[in-house]
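In what follows, a single structure is set out as structure tokens and then discussed.
The values are calculated or read from the model by the stated rules, or taken from the named source; none is laboratory data. This one's a predicted model, so the numbers in the text were calculated from it and none came from an experiment. Glycine gets a Cβ as well: all are built from the backbone with ideal geometry, and neighbour counts include every protein chain shown. Accessible surface areas use protein heavy atoms only, side chains included; no ligands, DNA or RNA. Shrake-Rupley method; radii C 1.70, N 1.55, O 1.52, S 1.80 Å.
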Amino acid sequence: MSKILNETIEYINKRIDGFKPELGIILGTGLGGLVNEIEVAHQLMYSNIPNFPISTLEFHSGKLIFGKLGGKRIVAMQGRLHYYEGYSMQQITFPVKVMKALGIQHLFVSNAAGSLNPAFKKGSLMIINDHINLQHDNPLRGINDESGPRFPDMSEPYSKSLIKMAVEIAAQEQISCHEGVYVAVVGPSLETKSEYNYLRIIGGDAVGMSTVPEVIVANYLSLPVFAISVLTDEGFPDVLKPVSIEEIIEVANRAEPSMTKILSALIQKL
Ligand code: HPA
């Protein structure tokens, strides 16, 4: 373990009374409500954790939460870091390395994304089954610290068995849930009509500004990943309407209970 990571782990371990999380959760924009379902044991502010980047967005409260959800010991990141905020890819993905070092065996990720697929309407959910990285950077660039392979395989970055379980849960709960490809862009500007068109042509079903860096590092560390998007707006070039961050958050908040249901049930079933 690197000296920096070791320092962070030592700080955290001193404050969580031997709590050993089994899985990690990263909550996306407008999707922090899952936290209300957690039986909280410990909370640490990002700003107090050595070497932890601080979330700059006001709607991100920036806390690492330890507790129980669906009968499992979990650690949840309330407030995620985005590349567009100016952090490096290494900073954004440092918490994934921290959670892995704390012992997690699965990573769950949520985000808000724009729909590119005309069949996937605003307010619905999409389980991510693959991604395209258009963030023109990679968290694994640089010297390999040997905690994973130099050239990690990406043939199945999202666990097929977790996807299958989630699809079954959604069907049981009668929640309309799609499956598709997430394209990661830098942001923070949203897409032009031509960009939405392009992202659809290259194979995207949804577009967002997060998730892929964390998923790359999780795969590098051999952590199975489950990721789900709430589709908060429709990037359909012919009928494109202006979209604001307030609207994105409002739609995310509305769809959140369904997403929380799927995630909690999935975690319970593990
Ligand atoms: N584009 C990029 N990121 C997003 C969008 C979008 O349309 N919606 C939510 N996050």
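Based on what the data block shows, is ILE202 over 21 Å from LYS164 (Cβ atoms), away from the ligand (no atom under 14 Å from the Cβ) and β-branched (Val, Ile, Thr)? Spell out the reasoning first.
Details: over 21 Å from LYS164 (Cβ atoms): yes; away from the ligand (no atom under 14 Å from the Cβ): yes; β-branched (Val, Ile, Thr): yes.
So ILE202 fits the description; yes.
Can you confirm whether ILE169 is within 24 Å of ILE4 (Cα to Cα) and either within 16 Å of the ligand (Cβ to nearest atom) or aliphatic (A, V, I, L, M) (or both)?
No.
Listed residues VAL251, VAL243; which is of a type in the set (A, V, I, L, M) and farther than 11 Å from ALA112 by Cα?
On the way: VAL251 fails: farther than 11 Å from ALA112 by Cα.
After applying the criteria, what remains is VAL243.
Just to verify a result, which residue in the stretch 104-162, among those that are among the acidic types (Asp, Glu) and in contact (Cβ under 8 Å) with a residue 12 or more places away in the chain, is most open to solvent (accessible area, probe 1.4 Å)? If you could, list the steps in order and put the result at the bottom.
Of the residues in the stretch 104-162, the ones among the acidic types (Asp, Glu) are 130, 137, 145-146, 153, 156.
If we keep only those that are in contact (Cβ under 8 Å) with a residue 12 or more places away in the chain too, we end up with 130, 137, 145, 153.
Details: ASP130: 63, ASP137: 42, ASP145: 87, ASP153: 106 Å².
Among those residues, the one meeting the criterion is ASP153.
Can you tell me how many residues in the stretch 197-231 are among the charged types (D, E, K, R), touching a strand residue (DSSP E or B) at 6+ places or on another chain (Cβ under 8 Å) and assigned to a helix (DSSP H, G or I)? Explain how you work it out, then say what you get.
Here is the first cut: in the stretch 197-231, the residues among the charged types (D, E, K, R) are 200, 205, 214.
Narrowing further to those that are touching a strand residue (DSSP E or B) at 6+ places or on another chain (Cβ under 8 Å): 205, 214.
Filter once more, keeping what is assigned to a helix (DSSP H, G or I): 214.
Count: 1.
Taking the criterion of being on the phi > 0 side of the Ramachandran plot, within 16 Å of the ligand (Cβ to nearest atom) and at pLDDT 95 or above, would at least one residue in the stretch 210-219 satisfy it? Explain how you work it out, then say what you get.
Within the stretch 210-219, the first condition is being on the phi > 0 side of the Ramachandran plot, and the residues that meet it are 211.
Next, only the ones that are within 16 Å of the ligand (Cβ to nearest atom) stay: 211.
Retained after the next criterion (residues that are at pLDDT 95 or above): 211.
Yes, the stretch 210-219 contains at least one residue that is on the phi > 0 side of the Ramachandran plot, within 16 Å of the ligand (Cβ to nearest atom) and at pLDDT 95 or above.
Taking into account only those residues within the stretch 226-244 that are among the hydrophobic types (A, V, I, L, M, F, W, C) and touching a residue at least 24 places away in the same chain (Cβ under 8 Å), which is farthest from the ligand (Cβ to nearest atom)? Let's see the steps before the verdict.
Filtering the stretch 226-244 down to residues among the hydrophobic types (A, V, I, L, M, F, W, C) leaves 226-228, 230-231, 236, 239-240, 243.
Then keep just the ones that are touching a residue at least 24 places away in the same chain (Cβ under 8 Å); that gives 226-228, 230-231, 236, 240, 243.
Values: PHE226: 19, ALA227: 14, ILE228: 14, VAL230: 9, LEU231: 8, PHE236: 11, LEU240: 10, VAL243: 6 Å.
Of everything passing the filter in the stretch 226-244, PHE226 is farthest from the ligand (Cβ to nearest atom).
Among the residues of the stretch 232-270, which ones are over 17 Å from CYS177 (Cβ atoms), among the β-branched types (Val, Ile, Thr) and assigned to a helix (DSSP H, G or I)?
Passing the criteria: VAL239, ILE245, ILE248, ILE249.
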